[in-house]
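Each remark here refers to the structure printed beneath this line.
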Amino acid sequence: MRSTGRGDLSADTVKGTMENRLIITGASEAFGASLLALLGSLTLNWPSHPRVLVYDLGMDVETLAILRDNNVEVRKVPPFVPHWRKHFTWKIWCWNDAPARDVLWLDAGVVILQPADDVFDAIEKVGYFITPTYYPLDVTATEASCVGCGVKPEFRNGRMTFSGGIVGFRKEGVIGGIVKQALEIASVEDYIKSTIPLGRHDQAILSLLLYKHISCPIMFDTSIYAGWKSPEQVHGQKIWQHRCALRKEDLEYFQQHISKAGPPYLPAIPSAPVEKKPALKDLYKKFRSLPGKILRGKSTQVQKEPAEQSFYDGVRD
């Protein structure tokens, strides 16, 4: 997985060539092991994948040494704003910094199960690649994020939140503008930070901007490209969001193949079941019933829940 340097962004570059395609990811110390497994899964299960750039959010010396020994390109994320390490603000910076025309972001907590060239084909033809999270946007996007994106709060109603864990862009035209605008908005902490239990930081800004500039965004199949139940969630699944649930044997096997070729390898279903996403009806029941509970005199318990909620800031140490 040797780096070939920066992609050629000149206008006369041949359309669709590998030099214009880049996979990016990032990790802090806590996700070092998962990052290495992701790189190994790319080598084994997508041998012809585009080059990879890893963003360093504070990885440990050992992980950095392994990356260096395997000739993996690493770039340190600078403190570009005071809150750069919170709220996934760093991720939007990485999208903008990525030195290529067609960029695919993969969270460190995923593994590739089979070649996914069709993802880049979609980026080339559509201009972006997104999958739905199945969370309604009006429970993931704060009112402040709406202000930052220049839309009214009711703009969220009836719309889906898009995933920020597996997302691709062609950094030209409307989509290129969205990526740049997202960073401008995220640079104001009040616009990106979570102030509601299901606030989703970068995903909220991405979703609001896509809906603002594209009337009917095309969503791709989450089960195939962002499956989270298991590596065999659906026939033809290409990416598994294991969320640090890889078996030790599979984790170590992938880590041994960061730059060592081998036959395709499918990890086993983890012994401990992956936590199931809450059903939409449960989300609505829990959070839409708060006003009614307050009116019925149950305000003491209800008011404590948000205050005691620990919002995930975006980097796990």
Report summary line: Cα pairs beyond 18 Å in the range 156-252, in percent, come to 57 percent
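How would you classify the range 130-173 from its alpha-carbon gyration tensor, with a ≥ b ≥ c the square roots of the eigenvalues: rounded for a/c under 1.5, else prolate if a/b is greater than b/c, otherwise oblate? Could the numbers behind the result be given before it?
On the way: a/c = 2.38, a/b = 1.34, b/c = 1.77.
Judged from the Cα gyration tensor, the range 130-173 comes out oblate (a/c at least 1.5, b/c at or above a/b).
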Query raised in the report: Where only protein heavy atoms count, and the probe is 1.4 Å, what is the accessible area per residue for the range 173-282 in Å²?
Result: 51 Å²
Query - Difference of contour (0.36 nm per residue) and Cα-Cα distance, Val151 to Ser259 - result: 34.3 nm
Query raised in the report: Can you pull out the chymotrypsin sites (Phe, Trp or Tyr not before Pro) in the range 243-273 that DSSP calls coil and that have at most 15 other Cβ atoms within 10 Å?
Result: none
Query raised in the report: Which order do Met160, Met219, Met59 take by accessible area at a 1.4 Å probe, largest first?
Result: Met219, Met160, Met59
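Provide the FRET efficiency to the nearest 0.05 for the Glu184-Glu62 pair, computing r from the beta carbons and using R0 = 41 Å. Could you put the intermediate results ahead of the total?
Values: r = 36 Å, r/R0 = 0.88.
Computed FRET efficiency for Glu184 and Glu62: 0.70.
The values are calculated or read from the model by the stated rules, or taken from the named source; none is laboratory data. Worth saying up front: this structure is predicted, and the values here are computed from it rather than measured. Virtual Cβ from ideal backbone geometry, glycine too; neighbours counted across all protein chains shown. Side chains included, ligands, DNA and RNA excluded: accessible areas come from the protein's heavy atoms. Shrake-Rupley method; radii C 1.70, N 1.55, O 1.52, S 1.80 Å.
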